[in-house]
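Structure first, commentary second.
Every read-out reported here was derived from the displayed coordinates using simple, explicitly stated rules and does not represent laboratory data. Just so it is clear, the structure is predicted and the values come from calculations on it, not from any experiment. FYI the Cβ positions are ideal-geometry reconstructions off the backbone, even for glycines, and counts take in every protein chain you see.
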Amino acid sequence: MAAHNLLLRFPAAFRQSILTVRPFIASTSSTSAYTSRPYSAEAPRVAPESSVNHAEVTHFNAMASDWWDPHGSSRLLHLMNPLRHQFLRRCLATEAREPNEKLRFLDIGCGGGIFAESAARRRDVESVTAIDPTPEVLAVAKRHQRTDPLLLEPNRLTYLQTSIEDLQTPPNKQYDIISLFEVIEHIQRPNPFLQSCLSHLKPGGWLIGSTIARHPISWFTTKFVAEDILRMVPRGTHDWNQYINPKEMWQWARAQPELNVAEGVGWHVMGVVYVPGMGWKEVKGSEEVGNYFFGVKKREGGA
């Protein structure tokens with residue numbers, strides 16, 4: 001009864017989200033409602049199937065025109081980009097690399113190219129392949145690429161309209177870094193999608209991404225405040241039911257024999273919070289209730 005009364009204090013939209021997500025929860029325990037979803041560790045391996053959601057494609061096509069406007073609908077992505085590189089450096093700092101070693105990046109769900117462009121400018125990068133299924137957004141990315149001669153060098157930055165399931169990568173051309181920034185919360189079947197990503201990652205490489213924990217606070221900040229009140233993000237950008245908790249990501253990674261999930265060595269998490277007027281800041285512990293970065297390393301032997 002106490003839990004029921006507490007639930008009634010939340011807005012109707014949030015109560016509806018609770019009812020909608022319940023069929024996806026693995027455990028029947030009421031205490032596990034925000035800590036377990038079956039696709040994380042328990043979902044079986046299935047044959048690759050396109051992860052492209054045509055409703056999502058339509059939504060992001062509508063955002064294409066002001067993707068590179070730092071005050072437009074992608075403002076929060078622009079502000080978050082420096083932290084993407086900060087987290088990437090943290091993951092790479094745990095291993096020894098040759099001074100002149102160059103990295104090959106695959107940026108999945110690249111959108112208009114905010115991270116892809118910045119990655120292609122790194123001194124330690126050989127090439128960046130950026131893929132997205134959204135044609136209008138990719139057109140914006142390619143148009144913006146032409147403003148920087150460095151990005152037009154052969155193989156420096158290549159945009160492809162494709163899904164990860166349709167991408168062809170020879171074994172000797174696998175990638176050192178695969179990035180999934182603000183992508184996985186838009187995927188309805190994360191387990192097979194992540195399996196497809198791993199097939200393109202070379203042994204010793206890193207799968208690095210950012211997403212949002214499924215918690216009442218994240219519903220309040222990302223849906224109610226950001227979308228409905230402040231309109232910092234277009235309505236319909238996020239589906240709270242598809243948010244993924246850090247523990248679920250770790251459970252999925254632990255279930256993959258080719259991944260190293262040793263804390264601080266093969267597995268990293270960094271919680272971040274948006275502070276109005278200051279941008280995104282790292283806040284330890286915030287990964288449990290909101291936005292966070294995750295990184296996991298593929299074992300050198302591949303298994």
* To do: State whether the residues of the range 248-269 include one that is acidic (Asp, Glu) and closer than 19 Å to ASN81 by Cβ.
  => no
* Total residues in the range 280-303, condition touching a helix residue (DSSP H, G or I) at 6+ places or on another chain (Cβ under 9 Å), within 16 Å of VAL265 (Cα to Cα) and not charged (D, E, K, R) -> 4
* Among (1) buried (at least 22 other Cβ atoms within 10 Å of the Cβ); (2) closer than 20 Å to GLY113 by Cα, where does GLU136 come up short? -> (1)
* If you take the residues of the range 201-224 that are part of a loop (DSSP other than H, G, I, E, B) and surrounded by 22 or more Cβ atoms within 10 Å (Cβ to Cβ), which of them is nearest to the chain's Cα centre (by Cα)? -> ALA213
* Asked: When the residues of the range 249-287 are filtered to those that are in contact (Cβ under 8 Å) with a residue 40 or more places away in the chain, under 15 Å from SER210 (Cβ atoms) and among the charged types (D, E, K, R), which remaining residue is surrounded by the fewest Cβ atoms within 10 Å (Cβ to Cβ)?
  -> GLU282
* Can you find even one residue in the range 237-244 that is hydrophobic (A, V, I, L, M, F, W, C), assigned to a loop (DSSP other than H, G, I, E, B) and crowded, with 18+ Cβ neighbours inside 10 Å? -> yes
* Subset of the range 66-117 that is among the charged types (D, E, K, R) and part of a loop (DSSP other than H, G, I, E, B) - its residue that is surrounded by the fewest Cβ atoms within 10 Å (Cβ to Cβ) -> GLU98
* Asked: If you take the residues of the range 129-164 that are within 20 Å of the chain's Cα centre (by Cα) and in a helix (DSSP H, G or I), which of them is farthest from TRP68 (Cα to Cα)?
  -> ILE164
